[in-house]
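Single-structure report; data block below.
The values are calculated or read from the model by the stated rules, or taken from the named source; none is laboratory data. Predicted model, so just to flag it, every value in this text is computed and none were measured. Cβ atoms come from the backbone with ideal geometry, glycine included; neighbour counts cover every protein chain shown. All accessible areas refer to the heavy atoms of the entire protein, side chains included, with ligands and DNA or RNA removed. Shrake-Rupley method; radii C 1.70, N 1.55, O 1.52, S 1.80 Å.
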There are 2 protein chains.
Amino acid sequence: MRTIKLTLAYDGTAFAGWQSQAKGRTLQDTLESTLEKITGERLRVEASGRTDAGVHALGQVVSFDTESPLPADVLWRALNSTLPRDMAAVAVEDAPPGFHARRAAKSKRYRYVIRDTRQPNVFERNYTWQLPRRLDDERMAIAAQSLVGTHDFTSFETTGSPRSSSIRTVQALDIIRDPHDADRLLIEVEADGFLYNMVRSIVGTLAEVGRGVRQESWPGEVLAAISRRAAGQTAPAQGLFLLWVKYEPAAVDAPARDEARAS
Amino acid sequence: MRTIKLTLAYDGTAFAGWQSQAKGRTLQDTLESTLEKITGERLRVEASGRTDAGVHALGQVVSFDTESPLPADVLWRALNSTLPRDMAAVAVEDAPPGFHARRAAKSKRYRYVIRDTRQPNVFERNYTWQLPRRLDDERMAIAAQSLVGTHDFTSFETTGSPRSSSIRTVQALDIIRDPHDADRLLIEVEADGFLYNMVRSIVGTLAEVGRGVRQESWPGEVLAAISRRAAGQTAPAQGLFLLWVKYEPAAVDAPARDEARAS
């Protein structure tokens, strides 16, 4: 028995989210049925976290156990020739036995993409939140600083599964005007964990500051309120990308087996 | 009666091409029915040229006559709030009466996008031709030079409507490694006119040079053969973008009426 760490990219547009469910095309079901075709086994995969319908990933991490003897490089190629075109294997690696993509995760980074210009962009309609007027990103950057650090993020959690604690540590919250396209504003959040809809709720709140309808101090007040009703709107799913998941080196360094990654 | 010059962007993925037809969703039908909703008139639009199923546009130009008194800016807004999300108005301008987007066109530029890397990209699957190995763009650039100028391009025309002449002038054929993403190779062709599938046929031919299966001199030999069977494969539709259409200033400068354009 081996444990595999699979890094996955997907376009979430045509998926009903990560989690397996009776109706609708999900990422988990699609991946598990693809792995069954390749290995002949009914495997169960674990993601670092579930993503909602319409949310994308550049570097989702998934773990699973398999009896398959296929080298990591062959698995990588088999996945990319068998998965539907809106999913791709980025890397396949042998991990220490028992590696668990969710439980072992130390931190994650999400990117949220806003287009803030009058001109609609047909090619980015499924990958951005399109707002008709320029947001003031300098004011948003000032406001964002009050959310960095270890806090109770209850105000930025929408109804979801109950969690034992709402305290998370946000290591970075960066507001970046895309250097290659001034009409794109990137909001990146890195944390040791995320509550349900936390990034989208932070983005919706910061956007109100960027639009000028709220002061720079407001997101800090929302945080301090520890109340779900305090926050701004939840930004739509299609602007959200899971960029990467980080692990302790010891959790993922396998005893010298294969690794496959394009170039 | 006014003549309008409309600059249009579209994602061709979900369209059966430009031209109106009995079955399938076409760009022309969608635009004409949208204009009917806005103006109440059954208008007939003319594009600078038809694009095939799956081909995209950043700056397609369309002309039509209308009795509508709506200012250009209001038309622009009405179009962008009424068109489906895979079409957008980029600019609406009053043109001299009788301006015809196809007959008045002086030159056009197309871009073809190749991704030449082992790693599939889920977000670009409908917007690039994905090839698993790096192409030699320096060899392709040398080969491309033999196609620049005024030539009989019969070898690069696939079966289509018969034309009175197959002679066209290619003003530029640029091979550009995307400065922001080294896995993207852009092939841009500017000409006074294009035969059916001309860009895709040129791209397929140059790609064989880039792969190393043909010499740099081969595309020039294909051109000289004046035979449709001489060329390489026709590159797939989804990598092709119509960038812009150029007109003589006199053809488009209206006697001081409105112009609407974002920003």
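Hey, in the GNM for chain A with a 10 angstrom Cα cutoff, which one of A:SER48, A:SER155, A:SER164 fluctuates hardest?
A:SER164
Under the Kirkwood approximation applied to all pairs of distinct alpha-carbon atoms, what is the hydrodynamic radius of the stretch B:63-208 in Å?
Computed over Cα pairs of the stretch B:63-208, the Kirkwood hydrodynamic radius comes out at 18.1 Å.
Given labels modelled 7 Å from the Cα in the Cβ direction, how far is it in nm from A:ASP192 to B:ARG103?
7.3 nm
Residue by residue, what Karplus-based ³J(HN,Hα) values in Hz, rounded to whole numbers, does the stretch A:86-101 have, using 6.51, -1.76 and 1.60 with θ = phi - 60° and x for Gly and Pro?
Listing the rounded values in order: 9, 9, 8, 7, 8, 8, 10, 9, 6, 10, x, x, x, 3, 10, 4 Hz.
Just tell me how shielded A:122-132 is by partners: mean number of partner chain Cβ atoms within 10 Å of each residue's Cβ, no decimals. Don't skip to the answer; put the middle values down first.
Working: counts 16, 12, 2, 5, 4, 1, 0, 0, 1, 0, 3.
Averaged over the peptide's residues, the number is 4.
Determine the relative contact order of chain A: mean sequence separation of Cα pairs under 8 Å and six or more apart, normalised by residue count, in whole percent. Walk me through the numbers on the way to the answer.
On the way: 603 pairs, mean separation 67.1, N = 263.
Reported as a whole number, the value is 26 percent.
Based on the Cα gyration tensor of the stretch B:97-150, what are the three equivalent ellipsoid semi-axes, each the root of five times an eigenvalue, rounded to whole Å and given largest first?
Numbers: eigenvalues 205, 81, 4 Å².
Working from the Cα gyration tensor, I get semi-axes of 32, 20, 5 Å.
Just round it to a whole percent: the fraction of Cα-Cα distances in the protein assembly as shown exceeding 46 Å. Before the final figure, lay out each step's value.
Values: 30456 of 138075 pairs.
Tail of P(r) above 46 Å: 22 percent of Cα pairs.
Any chance you could check the Cα centroid distance between the stretch A:158-225 and the stretch B:171-211 for me, in angstrom?
42 Å
From the gyration tensor of the Cα coordinates in the stretch A:67-113, what semi-axes in whole Å does the equivalent ellipsoid have, largest first, with each one equal to sqrt(5λ)?
Numbers: eigenvalues 101, 75, 12 Å².
Value: 22, 19, 8 Å, ordered largest first.
Report, in deg cm²/dmol and to the nearest 500, the calculated mean residue ellipticity at 222 nm for the protein assembly as shown, where each DSSP H run with n ≥ 4 adds -39500 (n - 2.57) and the sum is divided by the residue count. Before the final figure, lay out the partial values.
Numbers: 12 runs with 114 residues, N = 526.
Rounded to the nearest 500, the figure is -6000 deg cm²/dmol.
Taking the inverse of the average 1/r across all pairs of different Cα atoms in the stretch B:7-56, what Kirkwood radius in Å do you get? Don't skip to the end; give the middle numbers.
Values: mean 1/r = 0.0896 Å⁻¹.
Computed over the stretch B:7-56, the radius equals 11.2 Å.
Among the residues of chain B, which one places its Cβ closest to the rotation axis that maps chain B onto chain A, and what is that distance in whole Å?
Axis relating chain B to chain A; nearest Cβ residue and distance: B:HIS180, 3.
Quick one: ranking A:ILE226, B:ILE175 by accessible area, 1.4 Å probe, largest first, what do you get? Don't skip to the answer; put the middle values down first.
Values: A:ILE226 85, B:ILE175 35 Å².
Greatest to least solvent exposure: A:ILE226, B:ILE175.
Kindly state, to the nearest 0.05, the FRET efficiency for A:ASP73 paired with A:VAL213, given R0 = 41 Å and r defined as their beta-carbon distance.
That pair, A:ASP73 with A:VAL213, gives E of 0.20.
Using only C-alpha positions, report the orientation-averaged shadow area of the convex hull of chain A, nm², one decimal.
Computing the convex hull of the Cα atoms and averaging its projections yields 14.7 nm².
Return, ordered by residue number, the residues of the stretch A:188-215 whose backbone nitrogen is under 13 Å from a label point located 7 Å along Cα→Cβ of A:SER166.
A:195-198
Evaluate E = 1/(1 + (r/R0)^6) for B:ARG177 and A:ASP253, where r is the Cβ-Cβ distance and R0 equals 51 Å; express this FRET efficiency to the nearest 0.05. Don't jump to the answer; show the numbers that get you there.
Numbers: r = 35 Å, r/R0 = 0.69.
After rounding, the FRET efficiency stands at 0.90.
Taking the square root of 5 times each eigenvalue of the Cα gyration tensor, what semi-axes in Å does the equivalent ellipsoid of the stretch A:1-121 have, largest first?
Working: eigenvalues 140, 52, 37 Å².
After scaling each eigenvalue by five and taking roots: 26, 16, 14 Å.
Among the aspartates and glutamates, which have Cα under 12 Å from the Cα of B:LYS5 when same-chain residues fewer than 8 positions away are ignored?
B:GLU46, B:ASP65, B:GLU93, B:ASP94, B:ASP253, B:ASP258, B:GLU259
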